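> I have a structure here, written as structure tokens, and I will follow up with some questions on it.
Where a number appears in this text, it was derived from the coordinates with a stated rule and is not lab data. If you're wondering where the values come from, they're calculated on a predicted model, not measured in any experiment. Methodologically, a virtual Cβ is constructed for each residue, glycine included, from the backbone with ideal geometry; neighbour enumeration extends over all protein chains shown.
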2 protein chains.
Amino acid sequence: MNLIEKIRNVPDFPKAGIQFKDITTLLAEGDAFLHTIDLLAKRYESAGLTKVVGIESRGFIFGAALACKLGIGFVPVRKEGKLPSETIRRAYELEYGEAVVEIHSDALTSSDKVVIIDDLIATGGTLEAACELVDELGADIHEVWCLLELTFLNGRDKLKRWNVRAEIAVDSE
Amino acid sequence: MNLIEKIRNVPDFPKAGIQFKDITTLLAEGDAFLHTIDLLAKRYESAGLTKVVGIESRGFIFGAALACKLGIGFVPVRKEGKLPSETIRRAYELEYGEAVVEIHSDALTSSDKVVIIDDLIATGGTLEAACELVDELGADIHEVWCLLELTFLNGRDKLKRWNVRAEIAVDSE
């Protein structure tokens, strides 16, 4: 199955000139969604993972389905102010201003081995912040996985400290 | 397995006097998360569902895992401005101000039969708005499922038009 064919291009979102890669068309097709999660499960089933870390919000979709498939726990990395218990946090730069992601301080320990899941590598800021949070808790990051990578944004430059896998590379706007 | 024991009470979140029900402790335990998704899958496996609808963000976690388990597509209901293609929208009241949820206009048709998944029934506003969106697209809502219901907030009063299932009822603050 060619997953890129399941993804819809939406012109001019979120602003003029951007071809937004809309994964909701992939998710809506049971076969394509299952195929994606099966790919993930095969990739990681022998890695000895203890948890799947998913980044809010679309990383929750792939991450939770993978955790369920592997029969291991799921840990959310969330936007600021959403996690109720004690957290650690990282700020990162956006085009205008900054954003913050958080993880519960007790969500992972040095005994954990995880994959970090999101839908997209764009500029890499969110993923870098999420990886740093997981590093700070002492867990072993086996790999960072995203469905799509917008290679022309060079997000991987921020992610050289970790193993990164993108299922689909998109090399132009 | 008694799922309520897997949920952590966090005092004074998001404000003083509230005992927040933190589901991240359930998600983090592979057995408890799997047990929850197995409950869901057994409940719906013979219902002839065509899609699972999940409400951003925590509804994505249970909804996506269920869709994967059932081998059917997943449709997100998202906060305002997040879905890239044409949407329909509903505003609903919050304690202070209002919020908007959206669904892609082409996400469902009258041939679809769905469950709508979220983690929590509190005041019922988000779920009511989500159900109205799915109704507007003509899909058949087989049931609305939430892990937790804060019964003392009477959210079900807003949801009388639909079948509603909550796995765990919490009857006091």
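> Would you tally the residues in segment B:33-57 being at the interface with chain A (Cβ under 8 Å from one of its Cβ atoms) and in contact with a Phe, Trp or Tyr (Cβ under 8 Å, 6 or more places away or on another chain)?
Counting residues in segment B:33-57 that are at the interface with chain A (Cβ under 8 Å from one of its Cβ atoms) and in contact with a Phe, Trp or Tyr (Cβ under 8 Å, 6 or more places away or on another chain) gives 5.
> Would you check which residues across segment B:34-66 are without any contact (Cβ under 8 Å) to a residue 40 or more places away in the chain and of a type in the set (Phe, Trp, Tyr) and list them?
B:60
> Tell me, yes or no, whether segment A:80-92 has at least one residue that is within 10 Å of another protein chain (Cβ to nearest Cβ) and under 30 Å from residue B:108 (Cα atoms).
The answer is yes, given that some residue of segment A:80-92 is within 10 Å of another protein chain (Cβ to nearest Cβ) and under 30 Å from residue B:108 (Cα atoms).
> Shifting gears a bit: Which strands (runs of 3 or more DSSP E) does segment A:95-173 wholly contain that include 1 or more residues that are without any contact (Cβ under 8 Å) to a residue 12 or more places away in the chain?
Numbers: elements: A:98-104, A:113-121, A:140-150, A:164-170.
The qualifying strands (runs of 3 or more DSSP E) are A:98-104.
> Turning to a different aspect of this structure: Just checking, which of A:133, A:137, A:147, A:127 is surrounded by fewer than 21 Cβ atoms within 10 Å (Cβ to Cβ) and either of a type outside the set (Lys, Arg) or under 20 Å from residue B:27 (Cβ atoms) (or both)?
A:137
> Taking the condition of being in contact (Cβ under 8 Å) with a residue 12 or more places away in the chain and farther than 16 Å from residue A:59 by Cα, how many residues in segment B:67-80 meet it?
5
> If I filter segment A:56-69 for residues that are closer than 15 Å to residue A:147 by Cβ and of a type in the set (Phe, Trp, Tyr), do I get at least one hit?
yes
> Kindly indicate which of A:141, A:168, A:121 is in contact with a Gly (Cβ under 6 Å, 6 or more places away or on another chain) and of a type in the set (Val, Ile, Thr).
From the options A:141, A:168, A:121, the qualifying one is A:121.
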